[in-house]
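**Student:** Before anything else, here's the structure in question.
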Amino acid sequence: MKSFLLIFTVFFVLNTNAQYDIEDIKNDTSVTDPKINWFNLKQHIYVGGEIGLSFSNGSSYINLAPIIGYDITERFSAGASIMYQLWRFKNQYTTYNHTTFGAGVFARLRPVDPLILQLEFDLYNTVNYADLSFDRVNVPALMAGFGYANSVGDGAYYQIMILYDFINNPNMPLPPILFAPLHLKLGFIWHLG
């Protein structure tokens, strides 16, 4: 009885596999759309970032912050950024190097051209400046503000933004303007499409 069931099962499996016809597949003319339209996706993506440089007697400051964003609508976009910062200064005895790494997300609204409204959350890993222990600490920053964007060519523009940091951590690595919770950001943006 067991051998009969085994033979019956093998025959049944072979019979069901034999129903598959390669010629039907070759002659199939139905068109399937690709899941992702890369051209349409490229039309909504923009890249860019900020570069900050400062050199003086005994100190130097370098800030690199690339971003990538996606236009959700014509006036609203969101994206992500990363940041690297080097601050080097020396006195008559030694040279100090402080590095900061960070990443963040942002949402941007352009109610009217050339105005930009932006909200962003960043997390930085930096030196503890508050007590000068030189230990590494994580510093959150919740910033909101406005800016000005002006076109410099086909799909490219520069931006100037003033952002207010609502957390105002004493270890915030970005240099303030005028007073501590205000920060200035300058950058360039290029639309890929």
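The values are calculated or read from the model by the stated rules, or taken from the named source; none is laboratory data. Note that the structure is predicted; figures quoted are calculated from it, not measured. A quick note on method: Cβ atoms are made from the backbone with ideal geometry, for glycine too, and the neighbour counts reach across all protein chains shown.
**Student:** Filtering the range 26-48 down to residues that are in a helix (DSSP H, G or I) and surrounded by 10 or more Cβ atoms within 10 Å (Cβ to Cβ), which residue is modelled with the lowest pLDDT? Even if it seems obvious, please write down each step before you answer.
**Tutor:** Filtering the range 26-48 down to residues in a helix (DSSP H, G or I) leaves 26, 38-44.
Filter once more, so that each one left must be surrounded by 10 or more Cβ atoms within 10 Å (Cβ to Cβ): 41-44.
Numbers: Leu41: 83, Lys42: 86, Gln43: 88, His44: 93.
Ranking the candidates gives Leu41 first.
**Student:** List the number of the failed condition for Val152; all other conditions in (1) surrounded by 15 or more Cβ atoms within 10 Å (Cβ to Cβ); (2) among the aliphatic types (A, V, I, L, M); (3) more than 19 Å from the chain's Cα centre (by Cα); (4) over 19 Å from Val137 (Cα atoms) hold.
**Tutor:** Here Val152 clears every test but (1).
**Student:** Pick from Tyr96, Tyr148, Tyr129: which is in contact with a strand residue (DSSP E or B) (Cβ under 6 Å, 6 or more places away or on another chain), over 26 Å from Thr73 (Cα atoms) and hydroxyl-bearing (Ser, Thr, Tyr)? Talk me through it step by step, then tell me what you get.
**Tutor:** On the way: Tyr148 fails: over 26 Å from Thr73 (Cα atoms); Tyr129 fails: in contact with a strand residue (DSSP E or B) (Cβ under 6 Å, 6 or more places away or on another chain).
Criteria check complete, one pass: Tyr96.
**Student:** Which of the residues that make up the range 79-104 are surrounded by 15 or more Cβ atoms within 10 Å (Cβ to Cβ), hydrophobic (A, V, I, L, M, F, W, C), out of contact with any Phe, Trp or Tyr (no Cβ under 6 Å at 6 or more places or on another chain) and in contact (Cβ under 8 Å) with a residue 24 or more places away in the chain?
**Tutor:** Met83
**Student:** Assess whether Ile167 counts as being within 19 Å of the chain's Cα centre (by Cα), farther than 24 Å from Lys42 by Cα and either exposed (fewer than 15 other Cβ atoms within 10 Å of the Cβ) or not hydroxyl-bearing (Ser, Thr, Tyr) (or both). Steps first, please.
**Tutor:** On the way: within 19 Å of the chain's Cα centre (by Cα): no; farther than 24 Å from Lys42 by Cα: yes; either exposed (fewer than 15 other Cβ atoms within 10 Å of the Cβ) or not hydroxyl-bearing (Ser, Thr, Tyr) (or both): yes.
No; evaluated as a whole, the condition is false for this residue.
**Student:** Leu64 is checked against (1) under 20 Å from His183 (Cβ atoms); (2) out of contact with any strand residue (DSSP E or B) (no Cβ under 8 Å at 6 or more places or on another chain); (3) not β-branched (Val, Ile, Thr) and fails just one. What number does that condition carry?
**Tutor:** Failed condition: (2).
**Student:** Looking only at the range 68-108, count how many residues are farther than 20 Å from Asn128 by Cα and hydroxyl-bearing (Ser, Thr, Tyr).
**Tutor:** 5
**Student:** Which ranges mark the strands (runs of 3 or more DSSP E) fully within the range 49-128 that have 2 or more residues being basic (Lys, Arg)?
**Tutor:** Values: elements: 59-71, 76-90, 95-109, 115-127.
Correct list: 76-90.
**Student:** Would you confirm whether or not the range 60-67 contains a residue that is modelled with pLDDT of 95 or more, polar (S, T, N, Q) and either under 16 Å from the mean Cα position of the chain (by Cα) or within 30 Å of Leu174 (Cβ to Cβ) (or both)?
**Tutor:** no
**Student:** Given (1) under 29 Å from Gly58 (Cα atoms); (2) part of a strand (DSSP E or B), where does Pro170 come up short, assuming only one miss?
**Tutor:** (2)
**Student:** Now for a different question. Quick one: in the range 118-149, which of the residues that are over 16 Å from Gly49 (Cα atoms) and of a type in the set (Asp, Glu) is surrounded by the most Cβ atoms within 10 Å (Cβ to Cβ)?
**Tutor:** Asp131
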